[in-house]
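Inspection log for the structure reproduced underneath, given as structure tokens.
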Amino acid sequence: MTSNKRQKLFLKIISNKEFASIFTLIVLWILFYILNPSFLSLSNLSVLFTVIPIYGITVLGVTVLMIAGEFDLSVAATFALVPLVIQLLISNGISAIVATIIGLLLAVLIGFLNGIIIVKTGIPSFIVTLGTLFVWLGIALQISGGQPHPFILPSIATRILSGSIAFNGLINSQLIWLIVFGVIFYLILERHQWGNWIYATGGNKDVARAMGIKVDYVKIGLFILCAVLAGFSGMMESTLYGQAIANQGGNLELDTIAAAVIGGTSLFGGEGSVLGGIIGTIIIWSIENGLILAGVSSYVYETLIGALIIIVVMVHRYAKKISKNIRLGELNE
């Protein structure tokens, strides 16, 4: 292989949309391993991959929605409210299956209201979902009284939602769910017409409308999807810890956006990927875990996340420029 071909191969690797996030993840894991070798121990990885898939499922919904050019800050409230409602219904004699269906239908309603308000009024999704975040969080606090409540589902449901499968819990039900959702959304975004509609909506909604894409339906559908995934994730976490509490989704609205951005999703829409969202999730929660093992103050976590967002976005912009130059070079050959 000539040096010119090697250089082109290297530039193509760098210009890959997930390169910056994958590189960041590798560097962070090496750094945390050096600071404390137990970071990569089976027991610690089991802890990491017990919680990462739960948040990763929410991040998938946020990522796909951001690709379409919208935000949902209310995911944190939905994450807490759905299991609280399920717990309330079960405690009043409703069967677990019916209570779960009602809880997920509530998530559908939350997503639908977010979507319909945004597409009909034209108010930015950041503002609308900030408002609904407080509305639903307030309701969650009223239901819970600010106290944790036992969340107990039938044993088979518990195993399906948060059961350990193999390798000391490294392989678990949550991880299987994340993989399943990840594959489905990958196929939708990369192999299906719906994916084209989502990218087109986020890229330029006016052009998308001119192409015959029902932009409003796409956005409302994605808000519903995002809310349902958040509610489902909240139910998984409550099943894992055996309790439901109003603040269990604390800061999730910002962490999910940070994970999506670190994974390569554009804040302006039209760019992003499922794999990037998952990698971004692993990075976010690896930092928190790694800092604890390294004995570093947890207050450093916010600083690192903020710095990472800026650095990764800068790398993505550079990679995008390289990719454009490569395509222009190939056209000129």
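The values are calculated or read from the model by the stated rules, or taken from the named source; none is laboratory data. Fair warning: this is a prediction, and the values are worked out from it, not measured in the lab. Neighbour counts are summed over all protein chains in view; Cβ atoms, including those assigned to glycine, are modelled from backbone coordinates with ideal geometry. The protein model used for the area step is the full one, side chains on, heavy atoms only, and it has no ligands, DNA or RNA in it. Shrake-Rupley method; radii C 1.70, N 1.55, O 1.52, S 1.80 Å.
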*Considering each residue of segment 87-121, count those that are out of contact with any helix residue (DSSP H, G or I) (no Cβ under 8 Å at 6 or more places or on another chain) and part of a loop (DSSP other than H, G, I, E, B), and give that number.*
3
_Here's a check for you: in segment 198-237, which residue that is crowded, with 22+ Cβ neighbours inside 10 Å and of a type in the set (F, W, Y) is nearest to V180 (Cα to Cα)?_
F232
*Listed residues F181, F167, F185; which is on the phi > 0 side of the Ramachandran plot and of a type outside the set (D, E)?*
F167
*Within segment 43-59, can one find any residue that is small (G, A, S), surrounded by fewer than 24 Cβ atoms within 10 Å (Cβ to Cβ) and more than 14 Å from G231 (Cβ to Cβ)?*
yes
_Which listed residue, of I184, I139, is modelled with pLDDT of 90 or more, of a type outside the set (D, E, K, R), open to solvent by 40 Å² or more (accessible area, probe 1.4 Å) and over 20 Å from the mean Cα position of the chain (by Cα)_ = I139
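Listed here are the residues, each with its yes/no results for (1) part of a helix (DSSP H, G or I); (2) modelled with pLDDT under 80; (3) among the basic types (K, R).
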{"residue": "T281", "(1), (2), (3)": "yes, no, no"}
{"residue": "G290", "(1), (2), (3)": "yes, no, no"}
{"residue": "I305", "(1), (2), (3)": "yes, yes, no"}
{"residue": "K324", "(1), (2), (3)": "yes, yes, yes"}
*Qualifying position, being modelled with pLDDT under 95, part of a helix (DSSP H, G or I) and either open to solvent by 70 Å² or more (accessible area, probe 1.4 Å) or not β-branched (V, I, T) (or both), among I160, I152*: I160
_Qualifying residues in segment 139-165 (those that are touching a strand residue (DSSP E or B) at 6+ places or on another chain (Cβ under 6 Å) and among the hydrophobic types (A, V, I, L, M, F, W, C)) - the one farthest from T78 (Cα to Cα)_ = I165
*Does at least one position in segment 71-83 carry a residue that is at pLDDT 90 or above and farther than 15 Å from W136 by Cβ?*
yes
*Looking only at segment 263-279, and only at residues there that are open to solvent by less than 60 Å² (accessible area, probe 1.4 Å) and outside any loop (DSSP other than H, G, I, E, B), the one that is farthest from P37 (Cα to Cα)*: V274
*If the Cβ limit is 7 Å and pairs must be 6+ apart or interchain, which residue in segment 102-114 that is more than 15 Å from S233 (Cβ to Cβ) pairs with which residue that is outside any helix (DSSP H, G or I)?*
N114/D72; N114/S74
*asked:* Of everything in segment 196-213, what is assigned to a loop (DSSP other than H, G, I, E, B) and closer than 19 Å to G122 by Cβ? Give them in sequence order.
replied: N204, I213
